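Quick notes on the structure that follows.
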Amino acid sequence: MTAQNPFPNDADRAFIWDMLMPRDFEAFAAQDWDMVAGDFDADRFLGIHAHNSPNQDDWDAAFPTLDAYRDEWLRQAAESAKIAYGEPLVPALLKAVSMDRIDINGAVAVAHKKFDGTVKLADGGIDRLNWQTLYFCRRSDRWRITGFIGYMKYR
């Protein structure tokens, strides 16, 4: 798992990594959608929910608009805020999640974000993270997220 940007010599990949890793986690922990709202291309956005199923027939367009995704993101952030973690959430997520593959073809990118680790809970237990998301990005004035296939089965 990578807590530091693995692309220090590649401006495009470094930007995408920063957008999808620390900025996303910091905004999520703060329940602050405004921190990430500008990272999305609302006109092109589509979010696919894979429901942790390897069968693509189980996947659906759960987030047909950015507003639909924002509402779910905020709901999940509020739920997470109710959990008593045994360690600071953002650094824990940066250790538990990796994104060391970002494929770029011209002005389009696919970022592979893998949730594969744990976050300590205050009661001594752990919160197990085990899914992956493919983010689709497009560069115009800067890189923005146009959609994703999320909550895919991982391992």
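The values are calculated or read from the model by the stated rules, or taken from the named source; none is laboratory data. Owing to the predicted nature of the structure, the values given are computational and were not obtained by experimental measurement. Heads up, the Cβs are rebuilt from the backbone with ideal geometry, glycines too, and the neighbour counts pull from every protein chain shown. Note: accessible area is taken over every heavy atom of the protein model, side chains too, but ligands, DNA and RNA are not part of it. Shrake-Rupley method; radii C 1.70, N 1.55, O 1.52, S 1.80 Å.
Screening the range 7-38 for residues that are in contact with a helix residue (DSSP H, G or I) (Cβ under 7 Å, 6 or more places away or on another chain) and closer than 17 Å to Arg101 by Cβ and picking the one that is surrounded by the most Cβ atoms within 10 Å (Cβ to Cβ) gives Met21.
Listed here are the residues, each with its yes/no results for (1) more than 18 Å from Ala14 (Cβ to Cβ); (2) of a type outside the set (A, V, I, L, M, F, W, C); (3) under 16 Å from the mean Cα position of the chain (by Cα).
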residue: Ile48; (1), (2), (3): yes, no, yes
residue: Gln56; (1), (2), (3): yes, yes, no
residue: Arg70; (1), (2), (3): yes, yes, yes
residue: Asp116; (1), (2), (3): yes, yes, yes
residue: Met152; (1), (2), (3): yes, no, yes
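The rows are residues; the columns are (1) in a helix (DSSP H, G or I); (2) more than 19 Å from Gly150 (Cα to Cα).
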| site | (1), (2) |
| --- | --- |
| Asp24 | yes, no |
| Ser53 | no, no |
| Ala77 | yes, no |
| Val119 | no, yes |
| Asp127 | no, no |
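Residue pairs whose Cβ atoms lie under 6 Å apart, separated by 6 or more positions or on different chains, with the first residue in the range 47-74 and in contact (Cβ under 8 Å) with a residue 60 or more places away in the chain and open to solvent by 70 Å² or more (accessible area, probe 1.4 Å) and the second assigned to a loop (DSSP other than H, G, I, E, B) and of a type outside the set (A, V, I, L, M, F, W, C), are Asn52/Lys153; Pro54/Lys153.
The residues of the range 76-102 that are open to solvent by 30 Å² or more (accessible area, probe 1.4 Å), free of Cβ contacts under 8 Å to residues at least 40 places away in the same chain and under 15 Å from the mean Cα position of the chain (by Cα) amount to a single one, Arg101. Looking at this structure, is Asn105 of a type in the set (S, T, N, Q), open to solvent by 50 Å² or more (accessible area, probe 1.4 Å) and at positive phi? Taking the combined requirement at face value, the residue does not satisfy it. Put simply, of Ala42, Ala111, Ala68 the only residue that is closer than 19 Å to Gly150 by Cα, aliphatic (A, V, I, L, M) and part of a loop (DSSP other than H, G, I, E, B) is Ala42. If we scan the range 1-16, do we find a residue that is of a type in the set (A, V, I, L, M, F, W, C), more than 21 Å from Asp141 (Cβ to Cβ) and out of contact with any strand residue (DSSP E or B) (no Cβ under 9 Å at 6 or more places or on another chain)? Checked the range 1-16: at least one residue is of a type in the set (A, V, I, L, M, F, W, C), more than 21 Å from Asp141 (Cβ to Cβ) and out of contact with any strand residue (DSSP E or B) (no Cβ under 9 Å at 6 or more places or on another chain). Of the listed requirements (1) in contact with a helix residue (DSSP H, G or I) (Cβ under 9 Å, 6 or more places away or on another chain); (2) within 21 Å of Leu46 (Cβ to Cβ); (3) assigned to a strand (DSSP E or B), Asp103 misses just one: (1). For the range 54-62, the criterion of being in contact with a Phe, Trp or Tyr (Cβ under 9 Å, 6 or more places away or on another chain) and within 21 Å of Met21 (Cβ to Cβ) is satisfied by no residue at all. Within the range 108-128, the set of residues being farther than 23 Å from Pro91 by Cα and surrounded by 15 or more Cβ atoms within 10 Å (Cβ to Cβ) comprises Ala109, Val110. Within the range 129-142, the residues that satisfy the criterion of being assigned to a strand (DSSP E or B) and more than 24 Å from Pro91 (Cβ to Cβ) are Leu134, Phe136, Cys137, Arg138, Arg139.
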